[in-house]
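No lab work stands behind these numbers, since they all come straight from the coordinates. From a predicted model like this one, the values you see are computed outputs, not experimental measurements. Don't worry about glycine lacking a Cβ; one is built from the backbone with ideal geometry, like all the others, and counts go over all protein chains shown.
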Amino acid sequence: MSDTKTPPTLTTSAGAPVADNQNSLTAGPRGPVLMQDWQLLEKLAHQNRERIPERVVHAKGWGAHGTLRITGDISKYTRAKVLQPGAETPMLARFSTVAGEMGAADHERDVRGFSLKFYTEEGNWDLVGNNTPVFFVRDPLKFPDFIHTQKRHPRTNLRSPTAMWDFWSQSPESLHQVTTLFSDRGLPVTPMHMNGYGSHTYSLINAAGERHWVKFHFKTRQGHKHYTNAEGEKVIGQSREGYQEALFGAIESGAFPQWTVQVQIMSEAEAERTAYNPFDLTKVWPHGEFPPIEIGVLELNRNADNYFAEIEQAAFSPSNIVPGIGHSPDKMLQARVFSYADAHRYRLGTHYEALPVNAPRCPVHHYHKDGAMRFFANNPNPDAYYEPNSFGGPVQTPEYREPPLKITGDADRWDHRDGNDDYSQPRALFELFDVGERQRLFSNMAAAMQGVPDFILERQFAHLEKVHPDYAAGVRAAVEADKAKPAEDPTTLPMHLRAARGLEIAE
Ligand code: NDP
Ligand code: HEM
């Protein structure tokens, strides 16, 4: 049915009415086009600027708006208003894959990002986690190297299994995350069928100024659902946008996905006694030692009206914390506290936090001045544009100070692998898997190892052996079985499969 209301007059971006949006301004019906056709120039110039740099990692994403409701009571641990009993806070979620570019297929085996922005009355609180509780590396100096192995090879411009396993086999701290990645949970059916984890250890600070360490977990209420590699490939053959379709469709139809919010709490004294470093991002806190406490529900209930404005321009950063929630000594977290806001200034522009999707829903008073996207108002008194001033400009409020954190130790480049047990926790995970899950882990891993030189595989098998002899034997057998399959004629394979399988690629 057509809309019978009179449509609004089309205007330029400066608001002038447009008389003709079909024909360029030309000298005679055959042309040429006159350079004074500012309407044409404006359209072409805008088109040239419709793309911004994609995120250097986590480029492909899906998101929605929602609400965090707190039903439990952890007020003895934190004064954060967003975590008080009964609090309801509007929020934004963005899920993502890590390695693929913006056009990547949704159903690729990869870790999934799980980014949350809570618009609290004390500022924005961002939890930028994954669907896994741990990570591949524990020292931020290794993060760019790790990401290079996930992205494209400089010469072939293809992803390189050799690079991935070369790096992982020399980084035993990756075993826990690698085991998760190649297990069933490495390929969720939709973002609604996976957990989210804040992953890092953060801190909670209560009204008395006491600190506890905390981990945040978001447990799916839709149940865990995963695809096998074969199912994933079939889905990709039908649609490369399966996650967007599922998430957008569910919310549009009123089937709002929910997650149960849990925390694990550790006292500062307990953190001195754990057998593992509780700030090591390659480790979980076992539930038996630190039982999860249920504190609320996260619900996604509103789709973005404009994907670019509200999801692509969303800027999540672990540096965004609010009073009552703080950081921790996790080395990876410190690097992330720098890296994200730096990325946003490059990807979105200096004042990216003034964009509606990033703007706090509480009053903002700062002294940052000019630069790209300076479209917010002055402080109420325009004479107060530096600090300290005598004109009533915003001032610091000492009551928000965090309690001091005791830090000791000699400054050095400490070997983060020295004396670190990289095998016990992956073993605990492996032991959770039933026979079928183990078999799929073996075959998923072997599939990702095709074309990788034997000396690299042997190095990886030696690590798997230390996790569990059955793990090493299972993957080795799956690799051998793949190798025993009838050799493919390289000339009949597309280039990407030849490269992935380590076959000669020169014509
Ligand atoms: P528990 O048995 O108490 O907890 C097991 C945890 O593992 C649950 O959070 C569960 O998530 C998750 N889990 C269950 N099955 C699988 C699976 N097939 N693949 C991945 N995760 C699964 O054990 P612990 O706390 O002692 O941890 C044992 C191992 O479980 C760890 O080494 C770690 O690898 C893994 N794990 C632990 C977590 C933690 O925070 N302690 C969090 C996630 C994983 P769910 O309840 O959603 O099923
Ligand atoms: C995105 C850096 C580790 C989860 C990004 C981006 C950068 C980055 C620069 C792009 C940001 C943007 O353009 O908006 C780093 C560095 C890390 C690190 C330097 C380690 C030193 C991690 C870890 C996790 C994680 C450990 C999860 C536990 C994410 C997620 C996104 C992301 C979910 C996407 C955010 C979004 O949805 O917009 N990372 N990262 N990263 N990272 Fe990391």
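General remarks:
- Segment 354-406 - residue that is among the small types (G, A, S) and surrounded by 10 or more Cβ atoms within 10 Å (Cβ to Cβ) and, of those, nearest to L204 (Cα to Cα): A359
- Matching residues in segment 135-161 - criterion: being hydrophobic (A, V, I, L, M, F, W, C) and under 18 Å from the mean Cα position of the chain (by Cα): F135, F136, V137, F143, F146, I147
- Single match in V98, V134, V128 (criterion: within 16 Å of ligand 1 (Cβ to nearest atom) and either acidic (D, E) or closer than 30 Å to V235 by Cα (or both)): V134
- Subset of segment 225-258 (residues that are of a type outside the set (S, T, N, Q) and in contact with an Asp or Glu (Cβ under 8 Å, 6 or more places away or on another chain)): H226, G232, I236, R240, E241, G242, Y243, F256, P257
- Residue in segment 311-334 that is away from ligand 2 (no atom under 15 Å from the Cβ) and in a strand (DSSP E or B) present: yes
- Lone unmet requirement of (1) farther than 29 Å from P363 by Cα; (2) more than 9 Å from ligand 2 (Cβ to nearest atom) for H65: (1)
- Every listed requirement among (1) surrounded by fewer than 24 Cβ atoms within 10 Å (Cβ to Cβ); (2) among the small types (G, A, S); (3) over 17 Å from the mean Cα position of the chain (by Cα) is met by S174 save one, (1).
- Extreme residue, surrounded by the fewest Cβ atoms within 10 Å (Cβ to Cβ), among residues of segment 340-353 that are touching a residue at least 24 places away in the same chain (Cβ under 8 Å) and assigned to a helix (DSSP H, G or I): Y346
- Among the residues making up segment 247-264, those that are under 19 Å from the mean Cα position of the chain (by Cα) and in a helix (DSSP H, G or I) are L247, F248.
The rows are residues; the columns are (1) in contact with a strand residue (DSSP E or B) (Cβ under 6 Å, 6 or more places away or on another chain); (2) within 16 Å of ligand 1 (Cβ to nearest atom); (3) farther than 29 Å from I251 by Cβ; (4) among the aromatic types (F, W, Y).
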| residue | (1), (2), (3), (4) |
| --- | --- |
| L298 | yes, yes, no, no |
| A315 | no, no, no, no |
| K331 | no, no, yes, no |
| H344 | no, no, no, no |
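- Residues satisfying the stated conditions in segment 182-202, i.e. among the β-branched types (V, I, T) and surrounded by fewer than 22 Cβ atoms within 10 Å (Cβ to Cβ): V189
- All positions within segment 422-470 that are away from ligand 1 (no atom under 12 Å from the Cβ), hydrophobic (A, V, I, L, M, F, W, C) and assigned to a helix (DSSP H, G or I): V435, F442, M445, A446, A447, A448, F455, I456, L457, F461, A462, L464
- Candidate set from segment 247-269 (those that are aromatic (F, W, Y) and surrounded by fewer than 19 Cβ atoms within 10 Å (Cβ to Cβ)); member that is nearest to Y77 (Cα to Cα): F256
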